[in-house]
Every structure is written in structure tokens, then in C-alpha cells.
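The values are calculated or read from the model by the stated rules, or taken from the named source; none is laboratory data. Please read all numbers here as calculations on a predicted model, not as lab measurements. Using ideal geometry, Cβ is built from the backbone for each residue, glycine included, and neighbour counts are taken over all protein chains shown. SASA here: full protein model, heavy atoms, side chains in, ligands and nucleic acids out. Shrake-Rupley method; radii C 1.70, N 1.55, O 1.52, S 1.80 Å.
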Amino acid sequence: MAVDVRAFTGFRPDAIDFLAELAQNNDRAWFQPRKADYEALLKEPMEALVAALAAAFEARGLPLQADPKRSIFRIYRDTRFAKDKSPYKTHLGASFPWIGDGDPNADVSHTEHANGAYFHLQPGNNYMGGGMWRASKERLDAFRRSIVDDDRRVRAALEEPGFLAEFGPVESHETLKRVPPGYPPDHPMADLFRYKDLVFGRRMSDDEVYSTALPDILAEAYANATPVFRFLSSLHD
């Protein structure tokens with residue numbers, strides 16, 4: 001069933017304030033009476049943003065998928081195996097998988113391991129980014145092989161000037177202590193062999209987040225990451 005969304009008119013400062021208050025009162029007794037505020041301040045504007053991004057991506061010929069029904073992460077935490085039983089996330093995020101230039105092997109999931117873009121709304125930590133978060137072993141192996149086989153191709157994607165100007169160098173959430181067996185530790189790009197995923201991003205100002213032009217701001221930035229998205233999409237086991 002399609003999500004009925006309104007036109008995007010920007011996030012209000014009250015939306016960030018709501019998340020800040022939620023961080024201080026992370027329980028159902030506080031949230032439930034304010035669920036309508038959450039929907040008006042955060043859920044519905046995020047749906048509107050995602051719908052506007054779908055149009056912005058299409059206008060730019062950018063093969064990222066924005067779907068108001070699937071792109072937005074739920075505010076509810078999965079606490080089944082967590083020590084922290086707080087029921088709600090204190091941020092709101094949305095993912096936009098790269099669906100590839102007609103590539104039948106493109107990963108179009110809105111979950112971990114996928115190649116794509118991401119937007120994050122959180123008090124003091126609003127940011128945009130993307131990459132291949134918590135990559136599967138098969139994807140990591142393919143990435144490492146690509147460095148050995150053709151490091152010039154890897155550099156051309158990861159060090160493209162427009163990408164670096166927008167986001168800076170790629171990084172990893174977590175790295176191995178040593179270069180894994182089978183890869184040359186003296187390679188000029190040996191540090192990348194230790195990466196457990198490949199991500200990039202930048203903080204966003206309040207002016208950007210509250211702007212009605214946010215869909216275009218995000219779409220233009222993601223367009224600058226096209227060489228990286230395209231490279232990651234080429235990694236197959």
C-alpha cells in the first residue's frame with residue numbers, strides 16, 4: 001500500500017527538540033501520549049523528504065531508491081537480545097540503496113551490507129553519508145581483491161575530487177589489527193585491507209536540515225558520491 005505523503009516543507013527545530021527530550025525520557029509512558037507529536041514533527045516530514053528525494057534522484061538520473069514506505073527506519077528498537085532495553089531510538093534515519101545503472105546484481109535492500117546513501121537526524125549529530133556498512137565477508141574479499149588486481153581503478157573511485165570535496169576520505173567503522181592473510185602488508189593501500197566496511201559522510205548544519213531545499217542538498221551531495229557507489233556496486237563474490 002502506498003504512503004500518502006504531503007509536500008516537503010522542511011523539518012522544524014521542534015523535531016530535534018522532540019528527539020532530545022526522548023533521549024531523556026526513553027520509555028513508553030512518555031512516548032505514547034506524544035506519539036501524535038512524533039508523527040507530525042518527524043515521521044510525516046521524513047516521508048515527505050523521501051518522496052521529494054525520489055523525484056530529485058529521478059531528475060538527476062541518479063540510481064538511488066527512495067521509497068517513503070521502505071526507506072525510513074522505525075523509531076522502535078529491537079531489544080530482544082540487547083542489554084539496553086530502552087524502547088526507542090533517539091534518532092531518525094533513512095536509507096537509499098543504489099539500484100545500479102541497470103546492473104542485475106545491484107543490492108537493493110534497505111538493510112545492513114547494502115551499498116547506498118543514508119540520512120541521519122539526531123540532536124547534535126545530523127549527517128548524510130553512505131557506503132557499504134558492515135559489509136559481508138564476500139563483499140570485503142571482493143574489495144580487497146580489487147586493490148590487489150587494479151589499485152588505480154580503486155583510487156579513481158575513492159579519490160575522485162568531487163567526492164573528496166563533498167565528503168572527505170572513505171573510512172571504516174572498525175578495522176582489523178593486522179592485514180589479513182593472503183594480502184601484501186607492504187602494499188601502498190594496505191590500510192584498506194584492514195577495513196571491515198567502507199563508509200563516508202559529513203555532518204550537516206542546522207540551516208541545511210531545516211531548509212526546504214534539503215532534498216536538493218542531499219541529492220547533489222549523493223550525486224558527488226556516484227563514483228564510489230558505482231565502484232561498490234561492482235564488487236561481487
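Values computed for the structure shown
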quantity: Degrees separating the helix 13-24 axis from the principal Cα axis of the chain, which is the longest one; calculated: 80 degrees
quantity: Using a Förster distance of 45 Å, the FRET efficiency for residue 6-residue 191 (Cβ separation, nearest 0.05); calculated: 0.45
quantity: Heavy-atom accessible surface of the chain: percent carbon and sulfur, 1.4 Å; calculated: 49 percent
quantity: Most fluctuating residue given options 226, 79, 212, as computed from a GNM of the chain linking Cα atoms under 10 Å; calculated: 79
quantity: Gaussian network model of the chain, Cα within-10 Å springs - most flexible of 137, 196, 177; calculated: 177
quantity: Nearby lysines by direct alpha-carbon distance to residue 196 (threshold 20 angstrom, same-chain neighbours under 8 apart not counted); calculated: 137, 177
quantity: Alpha-carbon radius of gyration plus Dmax, which is the widest Cα pair, for the chain in Å; calculated: 18.9, 59
quantity: Choice from 217, 99, 16 with maximal GNM fluctuation in the chain (Cα, 10 Å cutoff); calculated: 217
quantity: Relative intensity, log₁₀ I(q)/I(0), of region 1-50 from a Debye sum that treats every alpha carbon as a point, q = 0.13, 0.17, 0.28 Å⁻¹; calculated: -0.33, -0.54, -1.04
quantity: Whole-number accessible area per residue in Å² for the chain, which is evaluated in the context of all protein chains at 1.4 Å; calculated: 52 Å²
quantity: Distance in nm between pseudo-label sites at residue 39 and residue 86 (7 Å out along the Cβ direction from Cα); calculated: 2.5 nm
quantity: Cross-link partners of residue 43 among lysines (Cα-Cα below 19 Å; sequence separation of 8 or more within a chain); calculated: 35, 69, 89
quantity: Region 154-237: GluC sites (Glu not before Pro) in DSSP coil with no more than 14 other Cβ atoms inside 10 Å; calculated: 159, 174
quantity: Hz values of 3J(HN,Hα) by residue in region 132-141 - Karplus curve (6.51, -1.76, 1.60), Gly and Pro given as x; calculated: 10, 7, 6, 5, 5, 4, 5, 5, 5, 4
quantity: Spatial separation of Cα centroids for region 34-69 and region 182-233, in angstrom; calculated: 20 Å
quantity: All aspartates and glutamates inside 19 Å of residue 85 as judged from Cα atoms, apart from same-chain residues fewer than 8 positions distant; calculated: 21, 27
quantity: Simple label model, 7 Å out from Cα along Cβ direction - residue 127 to residue 151, nm; calculated: 2.7 nm
quantity: Cα-based radius of gyration of region 174-221 once divided by 2.2 N^0.38 Å, which approximates compact folds; calculated: 1.87
quantity: Efficiency of FRET between residue 213 and residue 137 - r from beta-carbon atoms, R0 35 angstrom, step 0.05; calculated: 0.30
quantity: Amide hydrogen neighbours beyond the local backbone of residue 89, cut-off 5 Å, H modeled; calculated: 76, 77
